[in-house]
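Novice: Dumping the structure here so I can ask a few things about it.
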Amino acid sequence: MAARKKPRGERAVDRTRAMNAYLAHLKHPLKAEIAAIRAIIMQASDKISERVKWDAPSFYFKADLATFDLHSTKFVHLILLFPAELPVPDNDRLIEVDHENRREVTFRNLTEIAARKPALQRLVRDFVTAMGSSSETRT
């Protein structure tokens, strides 16, 4: 039996095109910073996918990973959506607010983003590793 071809919009290339179009039309004072963080997250693991969800750039692997709170205009507000039961270490102390199913990180400018890039990439890779060994799947 031949594999079912994914309809338009379900393929990674279509989601990336949709994200590119979304960002091209985004009016936000920290648009360059948002794009830089998007690139860091997507480069951290080839298992990460992106889509526009909650009217914002969002990322997932088996479950939602992160989204931007675009209401913030003085800093980039990244919300990490790690399930409470999923142990994801933050050895670099990147996370500023830790709720049950949500962690929050802020970035003020491109210089800070560049300095914290290795920490964000480690956090994303640790999420992918933890999700890869978890049997839970939610998107």
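The values are calculated or read from the model by the stated rules, or taken from the named source; none is laboratory data. As the structure is a prediction and not an experimental result, all values here were calculated from the model. Cβ atoms come from the backbone with ideal geometry, glycine included; neighbour counts cover every protein chain shown. Note: accessible area is taken over every heavy atom of the protein model, side chains too, but ligands, DNA and RNA are not part of it. Shrake-Rupley method; radii C 1.70, N 1.55, O 1.52, S 1.80 Å.
Novice: Any residue in the range 81-104 that's closer than 15 Å to F68 by Cα: show its pairings with residues that are open to solvent by 50 Å² or more (accessible area, probe 1.4 Å) and of a type outside the set (K, R) at Cβ separation under 9 Å, as long as the two are six or more apart or on different chains.
Specialist: Going by the 9 Å Cβ cut-off, the qualifying pairs are L81/N101; F82/N101; R103/E96; R103/V97; E104/E96; E104/V97; E104/D98.
Novice: Any residue that is among the basic types (K, R) and at pLDDT 90 or above - is there at least one of those in the range 104-112? Walk me through it before giving the result.
Specialist: Taking the range 104-112 as the starting set, the residues that turn out to be among the basic types (K, R) are 108.
With at pLDDT 90 or above added as a condition, the list becomes 108.
Scanning the range 104-112, I find at least one residue that is among the basic types (K, R) and at pLDDT 90 or above, so the answer is yes.
Novice: Go through the range 124-139 and count every residue that is at pLDDT 90 or above and either part of a loop (DSSP other than H, G, I, E, B) or open to solvent by less than 50 Å² (accessible area, probe 1.4 Å) (or both). Before the answer, list the steps.
Specialist: The initial filter retains those residues of the range 124-139 that are at pLDDT 90 or above, namely 124-125.
Now narrow it down to the ones that are either part of a loop (DSSP other than H, G, I, E, B) or open to solvent by less than 50 Å² (accessible area, probe 1.4 Å) (or both): 124.
Number of matching residues: 1.
Novice: Which members of the range 59-74 meet the condition of being in contact with a helix residue (DSSP H, G or I) (Cβ under 9 Å, 6 or more places away or on another chain) and closer than 16 Å to A36 by Cα?
Specialist: Quick first cut of the range 59-74, residues in contact with a helix residue (DSSP H, G or I) (Cβ under 9 Å, 6 or more places away or on another chain) only: 59, 61-63, 65-66, 68, 70.
Hits for the range 59-74 are F59, A66, F68, L70.
Novice: Being β-branched (V, I, T), more than 16 Å from the chain's Cα centre (by Cα) and open to solvent by less than 50 Å² (accessible area, probe 1.4 Å) is the filter here, so list the residues in the range 12-37 that pass it.
Specialist: Residues of the range 12-37 that are β-branched (V, I, T), as a first pass: 13, 16, 34, 37.
From the residues that got through so far, the ones that are more than 16 Å from the chain's Cα centre (by Cα) too are 13.
Scanning the range 12-37 gives no hits.
Novice: If you don't mind, another one. Confirm whether S72 is among the polar types (S, T, N, Q) and closer than 20 Å to R11 by Cα. First the steps, then the outcome.
Specialist: On the way: among the polar types (S, T, N, Q): yes; closer than 20 Å to R11 by Cα: no.
Taking the combined requirement at face value, the residue does not satisfy it.
To keep it simple, each residue is scored yes or no on (1) without any contact (Cβ under 8 Å) to a residue 60 or more places away in the chain; (2) on the phi < 0 side of the Ramachandran plot; (3) touching an Asp or Glu at 6+ places or on another chain (Cβ under 9 Å).
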site	(1), (2), (3)
A39	yes, yes, no
M42	yes, yes, yes
F61	no, yes, no
F68	yes, yes, no
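Novice: Right, here's the next one. Across the range 69-97, which residue is most open to solvent (accessible area, probe 1.4 Å) among those that are of a type in the set (V, I, T) and over 21 Å from T111 (Cβ atoms)? Steps first, please.
Specialist: Here is the first cut: in the range 69-97, the ones of a type in the set (V, I, T) are 73, 76, 79, 88, 95, 97.
Restricting the remaining residues to those that are over 21 Å from T111 (Cβ atoms) gives 79, 88, 97.
Numbers: I79: 27, V88: 26, V97: 54 Å².
By that ranking, first place goes to V97.
Novice: For the range 72-94, name all the residues that are out of contact with any Ser or Thr (no Cβ under 8 Å at 6 or more places or on another chain), of a type outside the set (D, E, K, R) and farther than 21 Å from S133 by Cβ.
Specialist: Within the range 72-94, T73, L94 qualify.
Novice: Shifting gears a bit: Look through the range 98-116, keep the residues that are under 16 Å from F75 (Cα atoms) and out of contact with any Phe, Trp or Tyr (no Cβ under 8 Å at 6 or more places or on another chain), and return whichever of them is surrounded by the fewest Cβ atoms within 10 Å (Cβ to Cβ).
Specialist: Only one residue fits best here, namely T111.
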